[in-house]
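Read through the structure below, which is laid out as structure tokens, and then see the notes.
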Amino acid sequence: MPLRKAKYGPVQRALVSAVAAGAGDVHISRAMTTLTLALIIGSASFFAGLLGSLTGLGGGIIIVPLLTLGFHVNFRYAVGASIISIIATSSGAASAYVREGFTNVRVGILLEVATTLGALIGAAVTGLISESALQILFGLVLLFTAYRSMKPRAEHLILTTPDKWSERFRLDSTYPTTAGMQPYSVQHVPAGFGLMFVAGILSALLGIGSGIIKVLAMDQLMRLPFKVSTTTSNFMIGVTAAASAGVYLHYGYIDPTLAFPVMLGVLGGALVGARVLARSKTQWLRPIFTAIVVVTAAEMLYKGARG
Amino acid sequence: MSNTSVRWNDHAVEQLVGRLLQFGVLTAAIVTIIGGLLLLIQHGSAEASYAVFRGEPAHLTSVGGILRGVRDMRSESLVQLGLVLLIATPVTRVAFTLVAFVLQRDRTYVVVTSIVLAVLLYGLVFGHL
């Protein structure tokens, strides 16, 4: 049965061997010491954080597959460690973004009502959902992420038509462009709010930032300018993740021995990535990352379907 | 006129909040690194496996338990304290945003921000629905 031999998928083998290139052969077995495992998982997380930061897609989406498929970490421990690393990277990145003056704080805080409630509910019910169902859901979200990341990022028409809800919550604002401050109005607030609730639930269930869905809601539905959508999404990701993380702490999903190398690795990778990004164009990495996401999605779906 | 001063306030608050986020992440990372190094020195040679979910012991799942563990010089509690500080960073950010809206006398957003803060604190303190 040649299929049986594929205990680790190609992505996991690539990631592990990339990490282990300097350290000799690494064989994942159950009898590894805490130190060895922390070093390997920390290095792999660094790589994931670096790639996520360089492609602008965030490393959060591949941390859980990396840990569960690559290192046989239990899904719940992986989700706990991933959500912690997402708080670290989004808080680090957000501090850089707010200086640019793109973030719409009112939109962010209003939609956070939906994402944090969704996260609280998602984190509370995750124990009732089977691991294989979560893996299938994860695979589908990965496929959707790959699909969205391949679409060209064209700026849509900036609308200034008044909207009832936007006026009530004073969401309309301005953002800096080359032609000076450009006013924009916000559309479809209730629908955006609903989609953000879904984003919050997914974030908690899967240990991801749900940045793709948040940007989709703000950019496509609510018609915010793209730059405003991405920076406001970043503003929200850490807060959403903090809602899930609080609940996960109580449920015992956050294992200090596992979470610390993951968090420090991803944060380190993201910080180095931000430095590199400031100096060189990394657009060519995007299709590579998308390919990794697609292969990972296939493995997640396969593992989930097999039960 | 009043509109521009509100915008400026928003911006000034955001600058401050940006610094706060950096400080929070840095502090959390330092505590986690110290705790992590101690953990590896003390328990580095122990066998590790995360394949089976066992849940964490009671002293690592609540803020009070973690603080008691830190007092007793447990390295895993120190790591967990760093992680809790990290979770607290966005919560503090929301608290600052609330203060800003109170100063601006923006009643709608005082209510909206209070709801978000309440949800976050509920999750962190009680953790059960």
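If the requirement is being assigned to a loop (DSSP other than H, G, I, E, B), over 14 Å from the mean Cα position of the chain (by Cα) and at the interface with another protein chain (Cβ under 8 Å from one of its Cβ atoms), which of these qualifies: B:G35, B:G55? Reasoning before the result, please.
Working: B:G35 fails: assigned to a loop (DSSP other than H, G, I, E, B).
From the options B:G35, B:G55, the qualifying one is B:G55.
If A:V198 satisfies every condition in (1) at pLDDT 95 or above; (2) β-branched (V, I, T); (3) within 14 Å of the chain's Cα centre (by Cα) but one, which is the exception?
(3)
Could you list, in sequence order, all residues of the range A:68-82 that are touching a residue at least 12 places away in the same chain (Cβ under 8 Å) and farther than 12 Å from A:T296 by Cβ?
The answer is A:F71, A:H72, A:V73, A:F75, A:R76, A:Y77, A:A78, A:V79, A:G80, A:A81, A:S82.
Kindly indicate whether A:S203 is among the polar types (S, T, N, Q), within 14 Å of chain B (Cβ to nearest Cβ), closer than 30 Å to A:G246 by Cα and assigned to a helix (DSSP H, G or I). Break it down into steps so the answer makes sense when it comes.
Numbers: among the polar types (S, T, N, Q): yes; within 14 Å of chain B (Cβ to nearest Cβ): yes; closer than 30 Å to A:G246 by Cα: yes; assigned to a helix (DSSP H, G or I): yes.
Yes; evaluated as a whole, the condition is true for this residue.
Take the residues of the range B:74-129 that are of a type in the set (S, T, Y) and under 18 Å from the mean Cα position of the chain (by Cα): which is farthest from A:Y253 (Cα to Cα)?
Within the range B:74-129, the subset of a type in the set (S, T, Y) is B:75, B:77, B:89, B:92, B:97, B:108-109, B:113-114, B:122.
Adding the requirement that they be under 18 Å from the mean Cα position of the chain (by Cα) leaves B:77, B:89, B:92, B:97, B:113-114, B:122.
Details: B:S77: 15, B:T89: 19, B:T92: 23, B:T97: 29, B:T113: 28, B:S114: 27, B:Y122: 17 Å.
Step by step, filter the range B:74-129, then rank; the result is B:T97.
Test of understanding: among A:A23, A:A96, which residue is surrounded by fewer than 19 Cβ atoms within 10 Å (Cβ to Cβ), among the aliphatic types (A, V, I, L, M), at pLDDT below 65 and not in a loop (DSSP other than H, G, I, E, B)? Don't jump to the end; show me each part of the working.
Numbers: A:A23 fails: not in a loop (DSSP other than H, G, I, E, B).
Matching residue, one of A:A23, A:A96: A:A96.
Of (1) assigned to a helix (DSSP H, G or I); (2) of a type outside the set (D, E, K, R); (3) modelled with pLDDT under 95, A:P261 satisfies all except one. Which?
(3)
All but one of (1) within 21 Å of A:S53 (Cα to Cα); (2) more than 17 Å from the chain's Cα centre (by Cα) hold for A:S203, so report the exception by its number.
Result: A:S203 passes all but (2).
Just to check your reading of the model, which residue among A:D219, A:D163 is over 30 Å from A:H250 (Cα atoms) and in contact (Cβ under 8 Å) with a residue 60 or more places away in the chain?
Details: A:D163 fails: in contact (Cβ under 8 Å) with a residue 60 or more places away in the chain.
Being over 30 Å from A:H250 (Cα atoms) and in contact (Cβ under 8 Å) with a residue 60 or more places away in the chain holds for just one of A:D219, A:D163, which is A:D219.
The values are calculated or read from the model by the stated rules, or taken from the named source; none is laboratory data. Owing to the predicted nature of the structure, the values given are computational and were not obtained by experimental measurement. Heads up, the Cβs are rebuilt from the backbone with ideal geometry, glycines too, and the neighbour counts pull from every protein chain shown.
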